[in-house]
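One structure is given below, encoded as structure tokens.
The values are calculated or read from the model by the stated rules, or taken from the named source; none is laboratory data. Here the structure is a predicted model, which is why all the values come from computation and not from measurement. In this analysis, Cβ positions are derived from the backbone assuming ideal geometry, glycine residues included, and neighbour counts consider all displayed protein chains. Calculation scope for accessible area: heavy atoms of the full protein, side chains included, ligands and nucleic acids excluded. Shrake-Rupley method; radii C 1.70, N 1.55, O 1.52, S 1.80 Å.
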Amino acid sequence: MSTIQSLPPELVLRILEYVVESCDWEDTNSNRTRRRLLCSTALVARNWSRPSQMLLWRNMAFDSEAEVDRLMDATSPWLYRTVELCFYLIPLEKMTSVLAHLRGIDHLTIMGSSISTSLFCLPALRDLKRLDLIDVVDHSTRPSSDITIRLETMTLRARVAPQGTLASLLASSQHSLTHLTLYYVWLTIALISLLDTVAPNLVSLDIWDDAEDASSLLTPFYNSCGSLERLTLSPNEDLLDPLLQSSIRVEKLVIGRDTAELSAVRALVRIVRDSQVLARGCVEVIRQRNWPELGAMWAAVEKACKARGIGYAHLRLELHSVKDESSNTKAEIEVALERIVLSGVSSGPTLGSLIASSRHSLKHVSLEQAVGFVAPHWSLTEEPASTSELLAEF
């Protein structure tokens, strides 16, 4: 009969991986829970010690200099490979000290810290594939040819002009970078010119911003993305309108994670109806918030998709602290949601109709302080003026 002591190390490692997989390593609170858990499992039996230590140092996140100092006093981290590393508000010199002792890092996240070209020349980052730079300050004003990293995925969130480090990383990754996310980044001429170097090989592009001052720059940038398969945009006309003038072709256009204005819906309908952007693709709408007339407004988009034979998927809806101000509407809402999250929301005609139309597709429902969903009212008889105008136009 097998006992804990007799289990082979690879099986113990697999068991422990299942135990800790629910812990988000980028969440510092969850990371501390994972550390305590693995420190405990390391004491269960002799043959559990090494697998526990391997997992303990595989994913590390630091949000204080004290945590970095404690790590520098330890010896076991240097015996194992750290795959994922996350720094929160850690000074540049401290990050450099840690990286000087590590190896084989695959995924690095830096948030609220300073960076420089010298940091990315360290041997520990030689095989880096995924990089997340969030609200960082670049100390390098000039690019460096010493950076040889070949990134595959990059996320950039910073309201700052690009400097030498970003330029170096994009230049070294121009043939390998396939997934790029720009989250509230100033889309300036300087940044767009840098992004043009990686655009031809991009397979997935996410842009979350209002892009009010960059609309004219986006059409040529979109045209440069010749290999793009998936394009994810905030529901904003300044991001959507340039698509009409572009020659880009994508398999999936994803719209979500923000509140959308009526103008954005109009722009999306024009893309579906008049352009070749989605000639063989589909539209997916996810995680819309604070949108009282959501269902009726997107009925126009769905109608345009069906007219062109384009797929349409509305998979997820989140509404937080929203009051359904719609009166009853004539337009049937035909969406097939898989997940609905409602927080601080009261039932009304639009929300009731969304749930009713998704009764065969819903897999997950989350209600928090949601009122009036015991017996939703499904009847639709009268539509709001703005939605009426939209449906009449399209």
Q: Tell me, please, whether a residue that is assigned to a loop (DSSP other than H, G, I, E, B) and within 23 Å of GLY311 (Cβ to Cβ) can be found in region 208-220.
A: no
When restricted to LEU205, LEU177, LEU187, LEU182, the only residue under 15 Å from PRO242 (Cβ atoms), under 19 Å from the mean Cα position of the chain (by Cα) and part of a loop (DSSP other than H, G, I, E, B) is LEU187
- Would you be able to say whether some residue in region 79-90 is surrounded by 20 or more Cβ atoms within 10 Å (Cβ to Cβ), in a helix (DSSP H, G or I) and either out of contact with any Leu (no Cβ under 9 Å at 6 or more places or on another chain) or hydrophobic (A, V, I, L, M, F, W, C) (or both)? no
If we keep only residues of region 102-119 that are outside any loop (DSSP other than H, G, I, E, B) and of a type in the set (A, V, I, L, M), then the residue most open to solvent (accessible area, probe 1.4 Å) is MET111
If you go through GLU237, GLU251, the only one that is more than 16 Å from the chain's Cα centre (by Cα) and buried (at least 17 other Cβ atoms within 10 Å of the Cβ) is GLU237
For region 213-228, pairs from a residue that is more than 11 Å from LEU243 (Cβ to Cβ) to a residue that is of a type in the set (D, E, K, R) and part of a helix (DSSP H, G or I), with Cβ under 8 Å and 6 or more apart or across chains, are ALA214/ASP238
Log entry, pairs with first residue in region 41-66 being at positive phi, second being surrounded by fewer than 20 Cβ atoms within 10 Å (Cβ to Cβ) and modelled with pLDDT of 80 or more, beta carbons closer than 9 Å, six or more apart or on different chains, reads none
Taking region 120-155 and the residues there that are touching a Ser or Thr at 6+ places or on another chain (Cβ under 6 Å) and outside any loop (DSSP other than H, G, I, E, B), the one that is farthest from VAL185 (Cα to Cα) would be ARG130
Restricting region 159-172 to residues that are at pLDDT below 90 and in contact with a helix residue (DSSP H, G or I) (Cβ under 9 Å, 6 or more places away or on another chain), the one surrounded by the most Cβ atoms within 10 Å (Cβ to Cβ) turns out to be PRO162
_Would you confirm whether or not region 190-200 contains a residue that is touching a residue at least 12 places away in the same chain (Cβ under 8 Å), assigned to a loop (DSSP other than H, G, I, E, B), of a type in the set (D, E, K, R) and within 24 Å of LYS129 (Cβ to Cβ)?_
yes
The number of residues in region 28-59 that are at pLDDT 80 or above, of a type outside the set (Gly, Ala, Ser) and either surrounded by fewer than 18 Cβ atoms within 10 Å (Cβ to Cβ) or not in a helix (DSSP H, G or I) (or both) is 8
I'd like to check something: does region 280-303 contain any residue that is in a loop (DSSP other than H, G, I, E, B), farther than 16 Å from PRO235 by Cα, open to solvent by less than 20 Å² (accessible area, probe 1.4 Å) and at pLDDT 70 or above?
yes
Exactly one of THR181, THR148 is surrounded by fewer than 21 Cβ atoms within 10 Å (Cβ to Cβ), hydroxyl-bearing (Ser, Thr, Tyr) and under 15 Å from ARG130 (Cβ atoms), and that residue is THR181
Counting only residues in region 205-217 that are in contact with an Asp or Glu (Cβ under 8 Å, 6 or more places away or on another chain) and buried (at least 19 other Cβ atoms within 10 Å of the Cβ), the one farthest from ARG157 (Cα to Cα) is identified as ALA214
